Amino acid sequence: MQQRSRDMVAALLDAAAQVIVERGLDNLTTNHVAEAAGVSIGSLYQYFDDKDALVEALLQRHAAELLAVVDARLRAMIDADAREITRGILEAVFDVVENDPCRRELTRHWDRLRTRSTFRALEQHMTEACRVYLLRHHEQYRVENLPAALFVAINSLHYTVAYYLSLDRPVLRRDEVIGALADMLGAYVLAGAKKKAASRRPPPVKRRRS
């Protein structure tokens with residue numbers, strides 16, 4: 001894609017975000033986006049087939065920005081234990097979403113948007129990041145079935161966070177959710193390590209009665 005096209009796509013996504021903030025996702029239309037971007041509706045359709053395609057591209061951009069924040073936090077906390085690093089990453093994720101009105105509005109409706117490709121990209125990226133972390137700490141966390149553990153852990157975090165952030169009036173505080181998820185993941189990883197360590201212990205020697 002040429003620079004001019006990239007600039008147009010960026011301008012249209014910025015305009016879509018502006019319309020979502022001002023009017024809400026349910027009132028987003030391609031006409032509103034074209035007007036906000038200062039282009040004709042025909043120009044918009046050269047890049048996006050419909051408003052759903054616009055929203056999907058916006059989700060992908062937000063996901064890329066979110067992962068950049070996660071990667072930075074992971075690098076800064078790479079030597080922390082599983083609970084601490086999970087808590088730190090979740091704090092960063094919540095900050096990114098809650099401090100941006102467009103991200104908040106999109107997250108409120110995540111379950112009815114085209115999120116499959118975005119969630120898949122997030123899952124793949126986070127799986128690799130967690131794999132690198134666990135391999136770095138392999139003496140501490142000897143996970144028996146790493147692919148299965150990563151699949152369960154990553155998707156548990158993704159869907160719990162997405163669902164919580166979509167609630168208008170959550171019954172739990174943010175710190176309670178983050179703390180519970182950090183404790184859950186830390187216990188899950190440690191449980192796998194303890195199970196593997198126990199399996200390597202020799203059976204106790206039975207003493208013969210004299």
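By how many nm would the segment from N31 to D111 lengthen if fully extended, with 0.36 nm per residue of separation less the alpha-carbon distance? Kindly include the intermediate steps, with their values, before the conclusion.
Working: separation 80, 0.36 × 80 = 28.80 nm, distance 2.46 nm.
Net length gain for the segment: 26.3 nm.
I need the phi-derived Karplus couplings for region 55-63: 6.51 cos²θ - 1.76 cosθ + 1.60, θ = phi - 60°, integer Hz, Gly and Pro marked x.
Once rounded to whole Hz, the list reads 5, 4, 5, 5, 4, 5, 5, 4, 5.
Using 7 Å Cα-to-Cβ label points, what is the Y188/D71 separation (nm, one decimal)?
Simple spin-label model gives 2.4 nm for this pair.
With the calculation restricted to Cα positions, what are the radius of gyration and Dmax of region 14-124 in angstrom?
16.2, 53
Whole-Hz ³J(HN,Hα) for each residue in region 31-36, computed from phi via Karplus 6.51 cos²θ - 1.76 cosθ + 1.60 with θ = phi - 60°, x for glycine and proline: what do you get?
Rounded to whole hertz, the list is 5, 5, 5, 4, 5, 5.
Taking R0 as 25 Å, what FRET efficiency do you get between D49 and F151 from their Cβ-Cβ distance, rounded to the nearest 0.05?
Computed FRET efficiency for D49 and F151: 0.15.
Cut-off 18 Å, label point 7 angstrom out along Cα-to-Cβ of A64: give me the residues of region 99-114 whose amide nitrogen falls inside.
Under cut-off, by backbone N: 103.
With θ taken as phi - 60° and the coefficients 6.51, -1.76 and 1.60, list the Karplus ³J(HN,Hα) couplings across region 173-179 in order, rounded to whole Hz; mark glycine and proline as x.
Ordered by residue, 3J(HN,Hα) equals 6, 4, 5, 5, 5, 4, x Hz.
Scan the chain and hand back the longest stretch that contains none of the trypsin sites (Lys or Arg not before Pro) lying in DSSP loops with at most 14 other Cβ atoms within 10 Å. Present the calculation step by step, with values, prior to reporting the outcome.
Numbers: sites that count: R114, R173, K206, R207, R208, R209.
It runs 1-113.
What three numbers, in Å, describe the spread of the alpha carbons of region 59-199 along their principal axes, ordered from the longest?
48, 29, 27
Can you show me the helix-derived [θ] at 222 nm for the chain, built from DSSP H runs with n ≥ 4 at -39,500 (n - 2.57) apiece and divided by the number of residues, rounded to the nearest 500. The partial results should precede the final answer.
Numbers: 9 runs with 154 residues, N = 210.
Value at 222 nm, helices only: -24500 deg cm²/dmol.
If you line up the long axis of helix 82-98 against the longest principal axis of the chain, both from Cα atoms, how many degrees apart are they, to the nearest 10?
Around 10 degrees separate the two axes.
Enter the Cα centre distance for the pair region 66-124 and region 173-188, rounded to the nearest angstrom.
15
Since every read-out is calculated from the coordinates, none of them should be taken as a lab result. All figures in this text were calculated on a predicted structure; none of them were measured in a lab. No Cβ is skipped: glycine too gets one built from the backbone with ideal geometry, and neighbour counts run over all protein chains shown.
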